[in-house]
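Engineer: Okay, handing you the structure first.
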Amino acid sequence: MKLQSLLLIVDVVIAFALCYFIIRFVGTAFYGRAKSPAGADRRDGMTAKNLIRNMTKALFGVTGEEFFISEDKDAFLASDRNSEDRWLPRGADILRILIIVSLATALGFLVDRLIASEAAVISVYMLAVLLVSLGAAQKLTGPIASVLCLLVYDFCFIQPRFIFVTYGREYSFIFMLMCIVSVLAGTLTQRLKINVRQASDAAFRSRLLFETNQLMQRASSREEIRSALAEQLKKLLGRTVVIYPAASGAGEDIASSTVDRTGRQPMLEDPRIFPISEESVSDKGALSRKERDAALWALRHNGFAGRGTSIYPEALCTYLPISVEARVYGVAAILDMGQSYDLDDDGVILSLLGECAMAIENLENQRKKEAADVRARNEELRANILRTISHDLRTPLTSIYGNASNLLSNESVLDADTRRQMYEDIYDDALWLTGLVENLLYITRIEDKRLDLELRDELVSEVVQEAVKRLDRKAEGHVISVVSDDDFVFARMDARLVVQVLINLLTNAVKYTPEGSHITVRTAKDGYRLRISVEDDGPGIPDEEKDKVFDMFYSAGDRSTHGARSIGLGLYLCRAIISAHGSELRLKDNDPHGSIFYFELPVGEVNIHG
């Protein structure tokens, strides 16, 4: 009994040693000796982790990390696609066969010692054939494993042992069963791999379409949309992509047809290349004149052209129009170079092109809508201005006309005081009209975004004095003062516009405060900022009106102390001018009563040359 146990142990050791030497010999023959990154022989190749990974790779063709579907479609499916049409096993498949047959032989020795059953040993080899067939990618791998298993079984277990001699017909039947098992297992494996590949392809395409939709929604320009399309096509096909935008005179994409609205045939802009590698596309002739002709045909006919079609079939690229319905926004060229792509990708490619075209169309529609809104606002502004000033212009013009007519007709009968009063009324009305026209001109420039600032470092005291000097004679009944903590401070501004702001603020202060009120223009430097404020001690502005006073055409005419006219443009214009300077016009209450309008400007620098 002890002798049998010892012989069993010896057989097992010999079997595993035989497996080790076979694996080592075949692995070295097919793959060479493994090298470290520095080129020296590896010393840790037989660690437990590497042994498990290598045995898994050898038995089933994948490592532990490869059991999950990869995010990279090509990395996951390349081995299956490249090996589907192969019949003969590769080096890795031969190594897998030898490993599995060697392990089956070792297990056969163990089973033969323990139970001495030929049926059990045959079952072990049938299991080996099944394992090889399940992991096989080539059609003849299973039958080759069947032949090898039968030969090893004949050599190791049929009497007389260790010679290739057999005397029974049952071994032909065993071989036939092994071949049938291998073919069935291989067929099932191939079907399973096809299903896995199809599921992976479908998941990849769905993910790609979803990513494309997200990218198109986030894109804010046509260039971003085209770039997103090119990158997604590269990811799907693994090919270089060239994008030809449709050209137009206005620099925008057009909905191309045989001829555009001007009667000219649509043209293409210069292409943008999205290479799959660093290799230059132009060196392959993909940007030649003939290739551009094929792209033009695809643009003008809204159809496919180039390689794989009947139009310019000798072209290096396949040209696909970026279109939605009959509107074409460009052409996508896919560099084919003689390789055929998966026909299942056709639907995804068309979906990507349609997503791109719809994104460009939506972007254009959005910009047209914004332009229409701007035009509508401008028209509404002009209409409001005309409605507002039509009445306000009639009153001063009527006064000027009436006074001038009286002076012409009755100058000789009018006394000096009456004539002087009429002259002053004509002057006041003309001055008011001049201010109104200036405000309207500034507002028109602001709304049309034509307000160009001429920023310079200006002496603040001079700007303030200029504004005070240009006040009309109605300010004579008020006490106007200028207070500054530094008479020689400079600020960065457009002096002409800031003077207009101060005139409007001072005019409002005069208009809405009683005679004898105090109005102060105060300047104070705070670090690198200069605050300019216009303060009064009038009745102030109610809280419910503070947010309205800066609106266009808002006028608190009922609070005017002497019936002064207003159409509500002054404060709106002031806030727009100060905003153009990068600041903000603010309002707060004065203490104990009144209002303060203030804004800040950056302090300027002055270079004094001796």
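Engineer: With respect to the numbered conditions (1) at pLDDT below 90; (2) farther than 28 Å from R289 by Cβ, which one is the sole condition not fulfilled by M358?
Structural biologist: Exception for M358: condition (1).
Engineer: Taking the condition of being out of contact with any strand residue (DSSP E or B) (no Cβ under 8 Å at 6 or more places or on another chain) and surrounded by fewer than 17 Cβ atoms within 10 Å (Cβ to Cβ), how many residues in region 210-234 meet it?
Structural biologist: Number of matching residues: 10.
Engineer: Only one of (1) buried (at least 19 other Cβ atoms within 10 Å of the Cβ); (2) at pLDDT 75 or above is not met by I567, so which one is it?
Structural biologist: Every condition holds for I567 apart from (2).
Engineer: Has region 255-269 got any residue that is in a strand (DSSP E or B) and modelled with pLDDT under 85?
Structural biologist: Yes.
Engineer: Something else now. When you scan region 486-508, how many residues do you find that are closer than 23 Å to D526 by Cβ and at pLDDT 85 or above? Write out each step before concluding.
Structural biologist: Within region 486-508, the first condition is being closer than 23 Å to D526 by Cβ, and the residues that meet it are 486-495, 497-499, 501-502, 505-506.
If we keep only those that are at pLDDT 85 or above too, we end up with 488-495, 497-499, 501-502, 505-506.
Result for region 486-508: 15.
Engineer: Being at pLDDT 75 or above and within 30 Å of S123 (Cα to Cα), is that true of even one residue in region 229-246?
Structural biologist: Here is the first cut: in region 229-246, the ones at pLDDT 75 or above are 229-246.
Filter once more, so that each one left must be within 30 Å of S123 (Cα to Cα): none.
No: region 229-246 contains no residue that is at pLDDT 75 or above and within 30 Å of S123 (Cα to Cα).
Engineer: Looking at (1) crowded, with 18+ Cβ neighbours inside 10 Å; (2) over 60 Å from the mean Cα position of the chain (by Cα); (3) of a type in the set (F, W, Y); (4) modelled with pLDDT of 80 or more, which is the one condition that is false for F155?
Structural biologist: (1)
Engineer: Could you go through region 87-96 and let me know if any residue there is modelled with pLDDT of 80 or more and either of a type in the set (V, I, T) or over 29 Å from V196 (Cβ atoms) (or both).
Structural biologist: yes
Engineer: Further, regarding this structure: Out of all the residues in region 344-373, which are over 17 Å from F304 (Cβ atoms) and of a type in the set (G, A, S)?
Structural biologist: A359, A371, A372
Engineer: Taking the residues in region 408-458 that are part of a helix (DSSP H, G or I) and of a type in the set (K, R) as candidates, determine which candidate is most open to solvent (accessible area, probe 1.4 Å).
Structural biologist: R420
Engineer: Output the qualifying pairs, or none if there are none: Cβ atoms under 6 angstrom, residues six or more apart or on different chains, first residue in region 118-133 and among the small types (G, A, S), second residue at pLDDT 80 or above and in a helix (DSSP H, G or I).
Structural biologist: Pairs found: A120/V111; A128/I100; A128/V101; A128/A104; A128/C149.
Engineer: Within region 192-209, which residues are within 25 Å of D336 (Cα to Cα), open to solvent by 70 Å² or more (accessible area, probe 1.4 Å) and modelled with pLDDT under 85?
Structural biologist: Q198
Engineer: A further question follows. Identify the residue in region 270-289 that is at pLDDT 75 or above and of a type in the set (A, V, I, L, M, F, W, C) and, among all such residues, is least open to solvent (accessible area, probe 1.4 Å).
Structural biologist: F274
Engineer: Would you confirm, using the coordinates I've provided, whether L497 is open to solvent by less than 30 Å² (accessible area, probe 1.4 Å) and within 23 Å of R575 (Cα to Cα)?
Structural biologist: When the stated conditions are applied, L497 passes them.
Engineer: Name the pairs: first residue in region 384-411 and closer than 21 Å to Y423 by Cβ and at pLDDT below 75, second residue open to solvent by 60 Å² or more (accessible area, probe 1.4 Å) and outside any helix (DSSP H, G or I), Cβ to Cβ under 9 Å, at least 6 apart or on different chains?
Structural biologist: T395/R565
Engineer: With respect to R492, is the statement that it is under 44 Å from the mean Cα position of the chain (by Cα), in contact (Cβ under 8 Å) with a residue 60 or more places away in the chain and under 24 Å from S583 (Cα atoms) true? Full working, then the answer.
Structural biologist: Working: under 44 Å from the mean Cα position of the chain (by Cα): yes; in contact (Cβ under 8 Å) with a residue 60 or more places away in the chain: yes; under 24 Å from S583 (Cα atoms): yes.
In short, yes.
Engineer: A follow-up question, please. Which residues, taken from region 513-557, are under 48 Å from the mean Cα position of the chain (by Cα), not in a loop (DSSP other than H, G, I, E, B) and not aliphatic (A, V, I, L, M)?
Structural biologist: Matches in region 513-557: T523, K525, D526, R529, R531, S533, D543, E544, E545.
The values are calculated or read from the model by the stated rules, or taken from the named source; none is laboratory data. These numbers come from a predicted model, not from an experiment. Glycine gets a Cβ as well: all are built from the backbone with ideal geometry, and neighbour counts include every protein chain shown. Surface accessibility is based on the protein's heavy atoms, side chains included, excluding ligands, DNA and RNA. Shrake-Rupley method; radii C 1.70, N 1.55, O 1.52, S 1.80 Å.
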